[in-house]
Amino acid sequence: MEFIINTKTFIEYVTPAADIALKNTVKHHSCVGLIKISTYPNILEIDAYGGSASITAKVRPSDGYKYGSIGDACIQPEELAGALKSFPPTEDLVVCRKDGKLKLSSVSDKNSYIKIPLVSNLMDRPQSPEKYDHKVTVDRKCFVKGLQHVKYASSTYEKMFSYMCIFFESTNNTIRFTAGSGYRFAAVEYIGNNKAISYGEARMIFPKTNIPNIIRILKKTSQSSLEIKTSLEDSTENIPPQHIIETDNITVRIYGLEPFTTYPDITTLTNYDYPYQILTKIQEWKYAAEAITASQYSCEENAHIVKIMTELQDGHFDLQSNTLMQMNRIVHFESEACLAGTAKEKNYKPWFCCDAYYLFEMVNKNKKKNNVTINFEDQAILDEIPADKPKRMKPILFKFPDDIDKNGVTEKSLVLIGISTKWDDAYLSEEQEDIQSRPEILDL
């Protein structure tokens, strides 16, 4: 094998392959830490396979690739990356197999070279199908932005493995991303309006393991759109289920989809007309969230819980936590801008309890937002349910204002948090009234 290529161009295409070969791989997989370079008259292919994902980067003559002779070589990406850094980025390189090694030498000075040891274990990645079950074309920037927006919300616990993923949907020039832990969900939706950001309908689940690789690789490509395809297993051809993400030069394949076949539909919750809808400024929550975080160190219970009582007449929330560090923080809101049930007396104080961390997270992850509307049911309704009946109520919905970018694409984002019944009013400070409470979590 032999070809000529510019150093900078070679690095640009080796980098995403190295990402798949080295990061978020399947432990002890035979292809981990390897990349394969193959030369053809009209294309140079750089392949990597880390067990859970594979990639093919294609370099064409229009990218500066000059074919010499056909062949392939399997090497370690760290050695290739280090070797390429030893040449100026403007330098053109002659790359060939020589003496059982991959030789890189300067076109302008053939005495300046590096020889990288070859690896005999040529990779054998799973085959891709010729036909696909679903195929969509989406805007690359919106796709990457959506993954970045919700990736934090995926479950981190193996016992909630089915939530260690991101759910992607495409329909009617709209794409949506959802991630959650079973107790808390985050979702973001992009609506194209006058700009086409999505063609085709599909619902796909991307494993959490592969999300960082996908984001890093797609952020660096210049392609404006992506083609995303999915296929079911074809046991007759030994083809596993897989998602394929393609640009002109990069093809990323995601495997290990078998455990991720279903995802809960949160639409019924997000469309629910909550009796209490309180508009507040994110800035108002900043110091209250810090106080909640400080109180965690004196929490002696299994769960760190915050009780939020709504002073509708005075226009503020009262926050207290179930910790030895007694705290009471006030978060103001404009009563006139809120929707509240009118069946109760004017001085009635609806309330709810939730996990303290998720409340702090809601504030910390949405610092760029100006406002948030807190939608909730009065948790006192659980007292009306008999003790022998399931005590369930809607989760708390944090809804953020729509954001429209310069292209007219609308972003809608929200967070759902399950209520908690692991509260004892003994933690209320003397200044607060005694209000009974019950436990509950988000149940989809």
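Of all residues in segment 90-119, those that are over 13 Å from I37 (Cα atoms) and open to solvent by 80 Å² or more (accessible area, probe 1.4 Å) total 7.
Which residues, taken from segment 213-228, are assigned to a strand (DSSP E or B) and among the charged types (D, E, K, R)?
So in segment 213-228, the residues assigned to a strand (DSSP E or B) come out as 225-228.
Within segment 213-228, E227 is the sole residue that qualifies.
Across segment 32-90, the number of residues qualifying as among the polar types (S, T, N, Q) and closer than 24 Å to I254 by Cα comes to 5.
T261 meets each of the listed conditions (1) in contact (Cβ under 8 Å) with a residue 60 or more places away in the chain; (2) among the polar types (S, T, N, Q); (3) farther than 29 Å from T373 by Cα; (4) open to solvent by 40 Å² or more (accessible area, probe 1.4 Å) apart from (1). For segment 165-211, the tally of residues that are open to solvent by 30 Å² or more (accessible area, probe 1.4 Å) and either farther than 16 Å from V138 by Cβ or of a type in the set (D, E, K, R) (or both) stands at 10.
Looking only at strands (runs of 3 or more DSSP E) that fall completely inside segment 47-160, which ones have 2 or more residues that are over 30 Å from T174 (Cβ atoms), without any contact (Cβ under 8 Å) to a residue 40 or more places away in the chain and of a type in the set (S, T, N, Q)?
The qualifying strands (runs of 3 or more DSSP E) are 101-106.
Restricting segment 72-89 to residues that are touching a helix residue (DSSP H, G or I) at 6+ places or on another chain (Cβ under 7 Å) and among the hydrophobic types (A, V, I, L, M, F, W, C), the residue that is surrounded by the most Cβ atoms within 10 Å (Cβ to Cβ) is L80.
Here the condition is being in contact with a Cys (Cβ under 9 Å, 6 or more places away or on another chain) and modelled with pLDDT of 90 or more; of I254, I244, I250, I278, it holds for I278 alone. Restricting the first member to segment 345-367 and to residues that are closer than 10 Å to V306 by Cα, and the second to residues that are of a type in the set (A, V, I, L, M) and assigned to a loop (DSSP other than H, G, I, E, B), the beta-carbon pairs closer than 7 Å and six or more apart or on different chains are D355/A303. Please indicate, with yes or no, whether at least one residue in segment 134-155 is of a type in the set (F, W, Y), over 30 Å from G418 (Cβ atoms), open to solvent by 40 Å² or more (accessible area, probe 1.4 Å) and in contact with a strand residue (DSSP E or B) (Cβ under 9 Å, 6 or more places away or on another chain). So far as segment 134-155 goes, no, none of its residues is of a type in the set (F, W, Y), over 30 Å from G418 (Cβ atoms), open to solvent by 40 Å² or more (accessible area, probe 1.4 Å) and in contact with a strand residue (DSSP E or B) (Cβ under 9 Å, 6 or more places away or on another chain).
The values are calculated or read from the model by the stated rules, or taken from the named source; none is laboratory data. All of these numbers come straight from a predicted model, not from anything done at the bench. Ideal geometry is used to build each Cβ from the backbone, glycine not excepted, and the neighbour counts take in all protein chains shown. Heavy atoms of the whole protein, side chains included, go into the accessibility calculation; ligands, DNA and RNA do not. Shrake-Rupley method; radii C 1.70, N 1.55, O 1.52, S 1.80 Å.
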